[in-house]
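Undergrad: First the structure, which I've put down as structure tokens, then a few questions once you've had a look.
Every read-out reported here was derived from the displayed coordinates using simple, explicitly stated rules and does not represent laboratory data. What you see is a predicted model, and the numbers here were worked out from it, not measured in a lab. Note that each Cβ is placed from the backbone with ideal geometry, even for glycine, and that neighbours are counted across all protein chains shown.
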Amino acid sequence: MVTTNAGKSLDAPKSGVGRLLASLQLEQSDDVMPPISAIFPNEIQKIILRHLDWQALIHLRATNRHYCDIITNDCQDIWKARHDARWTNGKRRTTWLAFKGLKYWSRTKNWTLHAETIVEGNWYNECLRRSRLDQSVAPRLLALDVGQSQQNEIWYGLMADGQDIVDCLKVIVAKERKLSLDAWMAQRIELPPSTLQVVGEKVLTGISRSVAYQEWKFLHDPVVKRYKLKDRVQLEDGAIAIAKFYDGADQIVTSDWIHSFAEVYVLQELDQLANIVKGRLHMRSCGQIGSNYPILEVLEEMKFLFNNSGLTDDDDMPTAFSGNVDDYYHQDNSLIHHCLHCKTGIPITLSVIYTSIVRRVCGVQLDIIGLPGHIVVGVPANGVDNSSRVFVDPFHEGRILSYADCQNIVARYNMTFNEDMVKGIPDKKVWERMARNLISCHSMQAIADDANDDESESTHEWKIALPLRSLLSDYSHGITNFRELVEAPGWCPQFC
């Protein structure tokens, strides 16, 4: 223990440097030796303070007014470093959002999930705030009534804290999982998940979905044009937002930060596949550098990614994409990250992947064509007669189609063809169609589970269909702010 001039006792700093500073400051009287603050200038003291841990800084700050002032006001870079090391989600608060305009949009739409940007110079206060917030998480998890669906203030508070408590939740869940694993390894006893683990996983899932929901609403809002972000919003962005909706506690706990699994994986895979096509085009053009490859050459080379049946097992090349005809109605076929991983899916998801790769290769954004009963992609008309346009069927090995082929597809469904059927579908309608496909898949699973009296893991999976409905444009429950979102059907703890 050390004693201040005021007679108050404090725990001594654990750090050796901290003990040195405190002893020189407290135990030497002015007539024997001047205080250390008079010996070293502030810049030198700050260099020494960089070596102190979190607790040592707090203890030293309490010794006297000089250190209270220098640690609080002149060490913001030190506190920022401590902040970034302790809260990996916190240091990205100004950059983690998918779109720069989303933060301002969230405030104007009465969403409270995204906190204000940290003002440089307030890192000490921010560290104290986050530390106090972390201390409140575990007690709130234990007090949360997971069976209460309406007016659940504890649930609302945890959802509103959102990104700020993700780091703490990840630590709690990971610790509880380790305790269960240690018990099993030591005594081969499989303990049920603890309350902290179960509730913590539900809160992480709820936060993940609420962030994905906001990004989805932002992508659909006309304000995107106001922020001049139209060129930045790509077709795959909506598909990624849907994939993020499925990120649960497992993905968040094991990732560097929230949503990294779906978003980073999808973008990296699309970039890598585009580079493969570019490399093959580069070889075909005899080393000519440039991205102005004729679109027909690009489409021909894309067949390699959607039909490389001529390769042998020894060829170090990616597996080709194919339509999942064996399990067509499985939910994974509508999730872009699963399709990129398994290289299989349904027409609309494969079409989104196909167009995203082509755009990266040559800069041309292909149209998504919604034919009756099937989806293909088409080269934009750009004043060309439809009869001369080129289309592609990503579901069937990337086969290149003619206008007559599209007419034949429609004829198979006993429908009369008209030219409007080969018009491109707007991105928002493509995204909503993907969401509806998922809801349909989950509904079919629920019916199958009821028929089989099945209480397996799939029973939990189809519960996501209820909150997923809130993504649809004709959703009957009006959601205009964060409070209404938390109170909406399917957003309570039971469905997370």
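Undergrad: Using a Förster distance of 22 angstrom, determine the FRET efficiency expected from the C-beta separation of T319 and R433, and round it to 0.05.
TA: Approximately 0.25, to the nearest 0.05.
Undergrad: Right, here's the next one. Calculate, in nm to one decimal, what M415 and I276 gain on full extension: separation in residues at 0.36 nm each, minus their alpha carbon distance.
TA: 46.1 nm
Undergrad: Please compute the length gained on full extension between L267 and D69, using 0.36 nm multiplied by the number of residues separating them and subtracting their Cα-Cα distance.
TA: Additional length available on full extension: 66.7 nm.
Undergrad: Taking a threshold of 20 Å on the Cα-Cα distance, which of the pairs K80/K178; K202/K343; K303/K343 fall above it?
TA: Violating the 20 Å Cα-Cα cut-off are K80/K178; K202/K343.
Undergrad: Kindly provide the Kirkwood hydrodynamic radius of segment 115-188 in Å, to one decimal, from all pairs of distinct alpha carbon atoms.
TA: About 14.6 Å, per the Kirkwood formula over Cα pairs.
Undergrad: OK, next. Kindly write out, for segment 68-80 in residue order, the coupling ³J(HN,Hα) from the Karplus curve 6.51 cos²θ - 1.76 cosθ + 1.60 (θ = phi - 60°), rounded to whole Hz, with x marking Gly and Pro.
TA: Each residue's phi maps through the Karplus curve to give 4, 6, 5, 6, 6, 10, 10, 10, 5, 5, 5, 5, 5 Hz.
Undergrad: Same structure, new question: Would you kindly derive the ³J(HN,Hα) couplings of segment 349-366 from the backbone phi angles with the Karplus curve 6.51 cos²θ - 1.76 cosθ + 1.60 (θ = phi - 60°), listing them in order in whole Hz, with x for Gly and Pro?
TA: Running phi through 6.51 cos²θ - 1.76 cosθ + 1.60 with θ = phi - 60° gives 5, 5, 5, 4, 4, 4, 5, 5, 5, 4, 4, 5, 7, 10, x, 8, 8, 6 Hz.
Undergrad: Modelling each spin label as a point 7 Å along the Cα-to-Cβ direction, I'd like the S136/V384 distance in nm, to one decimal.
TA: 6.0 nm
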